[in-house]
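Report on the following structure.
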Amino acid sequence: MVVGDFQRLSLKGVKFMQEAMWYEKMAGKRVICHLCPHRCRISEGQSGICRVRINEAGKLLTKNYGLCTSLTADPIEKKPLYHFYPGQNILSVGTYGCNLKCAYCQNWHLAHTEPSLIFMEPSQVVKAAVEMKKHGSIGLAYTYSEPTVWYEFVLETSRLAKEKGLLNVMVSNGYIDEKPLAELLRFIDALNIDVKGFNNDFYQSYIKGDYKPVLKTAEMALKSGCHVELTTLLVTGLNDSEEEIEALTEWCLSALGKDVPLHFSRYFPNYKLDLPPTLLKTLAKAYEIASSKLNYVYLGNAPELGKSDTYCPQCKKIVVSRSSYHTKITGLKKDKCAYCGEKLAIVVSEAP
């Protein structure tokens with residue numbers, strides 16, 4: 001962990017407030033937040049669903065600006081991003097709060113509780129990332145909890161990072177409105193989007209959101225030139241039917257193309273949901289369905305199935321092998337297959 005001399009704080013009683021972007025003032029000192037599709041109408045003294053945007057005297061403030069839960073060097077594969085500088089490390093930073101309420105949240109202690117924190121200015125985070133670049137890190141990843149509810153901090157930090165020649169990565173639930181997303185995409189190089197399911201009943205019941213804005217985020221990001229990968233955690237009996245996997249695959253193919261990597265991840269009981277872990281045969285079937293139409297499909301949290309390697313879609317040989325987070329490039333010549341010369345949808349050139 002990289003924390004330097006920065007002070008670790010208790011959330012209680014700490015206020016590092018900054019006026020939020022993307023909101024509208026209303027009568028009676030109420031505001032409407034326009035950051036995400038919830039469009040929270042917030043009365044004075046109250047916060048939005050995310051817990052970190054609060055109305056004080058008719059002004060919307062972001063109360064997590066500069067508050068970091070950790071600053072850690074991670075393999076890029078941990079995001080997961082398998083086609084963006086494979087085998088490289090990236091300095092990961094996160095905050096607390098989230099604008100969704102997944103019943104099985106894997107980071108619930110960050111999303112829905114009050115963790116201990118480090119206060120850092122954007123310039124301090126970028127300085128740490130520049131230092132880590134000397135040790136092979138490629139830039140900054142905004143992750144752990146939901147980075148879109150840290151919008152103002154991520155925007156400023158990513159802008160400064162870009163000026164220093166660093167790469168910016170986001171790991172996000174994709175639940176953000178189009179205008180703030182467009183502004184942020186000016187500085188984001190890669191995005192892993194968590195498409196949690198492909199039906200609105202599941203999203204409304206277990207996620208407390210809507211899946212269609214998430215799909216729009218993926219489409220906008222790809223169109224902007226951002227590198228995009230998708231992750232879907234298959235939850236036993238809820239979003240893991242063959243019909244839903246087929247629908248997700250068809251949308252990926254038609255909206256994003258066959259080269260955008262799709263990661264299926266195995267569910268284990270967490271937070272408020274205590275269903276059995278995803279069956280391995282369910283994951284294997286999802287892989288079969290998706291890989292029949294998409295070039296790059298992966299299975300996470302299921303090493304038994306051995307579906308984390310990257311294959312050339314033309315000659316079917318392994319070009320990147322992975323075991324846990326240990327990555328070995330075995331068949332790449334820049335962004336082409338070293339065996340047959342096929343151009344691959346993978347970013348491997350030297351980091352800036």
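The values are calculated or read from the model by the stated rules, or taken from the named source; none is laboratory data. Just so we're clear, the structure is a prediction, and the values are computed from it rather than from any experiment. Heads up, the Cβs are rebuilt from the backbone with ideal geometry, glycines too, and the neighbour counts pull from every protein chain shown.
Identify, please: which residue in the range 325-339 is assigned to a strand (DSSP E or B) and among the basic types (Lys, Arg) and is, among those, farthest from residue 297 (Cα to Cα)? So that I can check it myself, show each step before the final result.
From the range 325-339, those assigned to a strand (DSSP E or B) are 326-329, 332-333, 336-337; that's our starting set.
So of that shortlist, the ones also among the basic types (Lys, Arg) come out as 328, 333, 336.
On the way: 328: 18, 333: 21, 336: 18 Å.
Ranking the candidates gives 333 first.
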Breaking point among (1) buried (at least 17 other Cβ atoms within 10 Å of the Cβ); (2) in the same structural domain as residue 130 (by TED's automatic domain parsing); (3) touching a strand residue (DSSP E or B) at 6+ places or on another chain (Cβ under 7 Å); (4) at pLDDT below 95, for residue 2: (2)
Residue 302, sole failed condition from (1) surrounded by 13 or more Cβ atoms within 10 Å (Cβ to Cβ); (2) small (Gly, Ala, Ser); (3) on the phi > 0 side of the Ramachandran plot: (3)
Some residue of the range 66-81 being of a type in the set (S, T, N, Q) and either in a loop (DSSP other than H, G, I, E, B) or under 25 Å from residue 39 (Cα atoms) (or both): yes
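In the range 132-151, what residues are of a type in the set (D, E, K, R) and touching a residue at least 24 places away in the same chain (Cβ under 8 Å)? Give the steps one after another, and end with the answer.
In the first step, residues of the range 132-151 are kept if they are of a type in the set (D, E, K, R); the result is 133-134, 146.
Across the range 132-151, the qualifying residues are 133, 146.
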The one condition in (1) of a type outside the set (Asp, Glu); (2) part of a helix (DSSP H, G or I); (3) crowded, with 19+ Cβ neighbours inside 10 Å that residue 192 fails to fulfil: (2)
Subset of the range 265-284 (residues that are of a type in the set (Lys, Arg), over 20 Å from residue 78 (Cβ atoms) and in contact with a helix residue (DSSP H, G or I) (Cβ under 9 Å, 6 or more places away or on another chain)): 272
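So is residue 229 surrounded by 16 or more Cβ atoms within 10 Å (Cβ to Cβ), touching a Pro at 6+ places or on another chain (Cβ under 6 Å) and at pLDDT 95 or above or not? Break it down stepwise before answering.
On the way: surrounded by 16 or more Cβ atoms within 10 Å (Cβ to Cβ): yes; touching a Pro at 6+ places or on another chain (Cβ under 6 Å): yes; at pLDDT 95 or above: yes.
Taking the combined requirement at face value, the residue satisfies it.
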Residue ranges of strands (runs of 3 or more DSSP E) in the range 212-324 with at least 3 members within 29 Å of residue 177 (Cα to Cα): 227-234, 262-266, 297-300
Residues of the range 181-240 classified as among the charged types (D, E, K, R) and on the phi > 0 side of the Ramachandran plot, total: 1
The range 10-27, subset at pLDDT 95 or above and assigned to a loop (DSSP other than H, G, I, E, B), residue surrounded by the most Cβ atoms within 10 Å (Cβ to Cβ): 20
Only one of 161, 128, 141, 190 that is more than 21 Å from residue 40 (Cβ to Cβ) and touching a His at 6+ places or on another chain (Cβ under 7 Å): 190
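Suppose we keep only residues that are surrounded by 14 or more Cβ atoms within 10 Å (Cβ to Cβ) and within 22 Å of the chain's Cα centre (by Cα) within the range 28-39. Which one would you say is nearest to residue 151 (Cα to Cα)?
Taking the range 28-39 as the starting set, the residues that turn out to be surrounded by 14 or more Cβ atoms within 10 Å (Cβ to Cβ) are 29-38.
Add one more test, that the residue is within 22 Å of the chain's Cα centre (by Cα), and what stays is 33-38.
On the way: 33: 12, 34: 12, 35: 8, 36: 11, 37: 14, 38: 15 Å.
Checked the range 28-39; the qualifying residue nearest to residue 151 (Cα to Cα) is 35.
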Evaluation of residue 64 against (1) surrounded by fewer than 17 Cβ atoms within 10 Å (Cβ to Cβ); (2) at pLDDT below 95 (one fails), failing number: (1)
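Whether any residue in the range 101-109 is surrounded by 24 or more Cβ atoms within 10 Å (Cβ to Cβ) and either part of a helix (DSSP H, G or I) or in contact with a helix residue (DSSP H, G or I) (Cβ under 6 Å, 6 or more places away or on another chain) (or both) is what I want to check.
The answer is yes, given that some residue of the range 101-109 is surrounded by 24 or more Cβ atoms within 10 Å (Cβ to Cβ) and either part of a helix (DSSP H, G or I) or in contact with a helix residue (DSSP H, G or I) (Cβ under 6 Å, 6 or more places away or on another chain) (or both).
Have a look at 91, 81 and point out the one that is surrounded by 23 or more Cβ atoms within 10 Å (Cβ to Cβ), in contact with a helix residue (DSSP H, G or I) (Cβ under 8 Å, 6 or more places away or on another chain) and either more than 26 Å from residue 322 (Cα to Cα) or in contact (Cβ under 8 Å) with a residue 12 or more places away in the chain (or both).
Working: 81 fails: in contact with a helix residue (DSSP H, G or I) (Cβ under 8 Å, 6 or more places away or on another chain).
Answer to the selection: 91.
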Some residue of the range 241-250 being among the small types (Gly, Ala, Ser), at pLDDT 95 or above and surrounded by fewer than 23 Cβ atoms within 10 Å (Cβ to Cβ): yes
